[in-house]
Structure formats: structure tokens, C-alpha cells
Amino acid sequence: MREQEIICTICPAGCHIQVSGQGQDIKSIEGYSCPRGKEYAENEFLCPVRTLTTTVKVDGAEEPLLAVRTAKPIPKSKLFECMDIIRKERFRVPIEQYQVLIKDLAGTGIDLIACSERKGDPYDI
Ligand code: SF4
């Protein structure tokens, strides 16, 4: 039996929710104050996800780094694998805001997208 305390981050109340269960089976869940918190804790216990935000290298731009993020949250267990892939990539301007830079990142089905546009360096010929 696995037991986990999860702090709900949905609202500032920050309820401490105790979840216990085995595999994909939740046996008990206590400490939440609303249905949203219960759902959050269930998801965190069964398959925690996070939106990955980082920067990538871009060639041909005045600023060499560009902020990027996953289009949706990805499984937490995939974060390091995704970062390994992202670290090895280089991109070239121009890049549009929300442009897909890596499709289906690490087989998650979620794309990596640019947070903002990036134009070319005007002095780069
Ligand atoms: S359980 Fe409900 S009240 Fe508590 S932190 Fe989460 S959203 Fe807020």
C-alpha cells in the first residue's frame, strides 16, 4: 500500500490531502475541501503531470535563447527524457509565437511550442 500527502495547488488554501492506494486503485482519500481538490489529488497520485517550461538555443537571433513550453502538461515521469531531447536541438529564426518546435515530444503526444516569436538578428547576413 502506498501512502502520499499531496498539497493541493488549485487555490491558496493549500489543503493537505492524504491519499493511499495500490497501483491504479485508490483506497482512501482525505483532507480535501472541494471536488476540484479531490480530482487534483487523485490525478497527482495516479499520474502526476507538469507543464515543462525551459529555453532552447536559436541560431540567427540577437538573443540566443528562446522560452518554450509543452502545449499541455506531460507525465512527470517523462520530464528528464524530454529535457534530454530538447537540450540537443537547435532552432533557426524566424519563429512564430506558439509555433510547434518539436512534435510529439518523447512520444507523449504533446508538442513543444515557442512562448513568443523570435525574429532574425538584423545584422546577421
Ligand atoms: S481542496 Fe479545494 S479548497 Fe483545498 S486547496 Fe484544493 S481547491 Fe482549494
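Non-local amide H neighbours of ILE110 (under 5 Å, H modeled in plane, Pro and chain starts lacking H): which ones?
ASP104, LEU105
Pull up the DSSP beta bridges for the chain and report the antiparallel fraction as a percent, rounded to 5.
Close to 90 percent.
Return P(r) of the chain (all Cα-Cα pairs; 5 Å bins starting at 0; whole %; ordered from short to long distances).
Pair shares across the bins are 2, 10, 18, 15, 12, 12, 10, 8, 6, 4, 2, 1, 0.
Return the sequence-ordered ³J(HN,Hα) values of region 22-32 in whole Hz as given by the Karplus equation 6.51 cos²θ - 1.76 cosθ + 1.60 applied to θ = phi - 60°, using x for Gly and Pro.
Result, rounded to whole Hz: 9, x, 9, 10, 8, 8, 8, 8, 9, x, 7.
Using modelled amide H (1.01 Å from N, peptide plane; none on Pro or chain starts), what sits under 5 Å from the amide H of ILE17, excluding residues fewer than 5 places away?
ILE6, ILE7, CYS8
Antiparallel DSSP bridges in region 53-114: what percent, to the nearest 5?
Around 75 percent of the beta bridges assigned by DSSP in region 53-114 are antiparallel ones.
Kirkwood Rh and Cα-based Rg: tell me the resulting Rg over Rh for region 53-114, rounded to two decimals.
Result for region 53-114 is an Rg/Rh of 0.95.
Averaging over every viewing direction, what projected area does the convex hull of the Cα atoms of region 2-46 cover, in nm²?
Numbers: hull surface 10.3 nm².
Average of the hull's projected areas for region 2-46 equals 2.6 nm².
Read the figures in this text as sums done on the coordinates, not as results from a lab. Because the structure is a prediction, the values reported are computed rather than measured.
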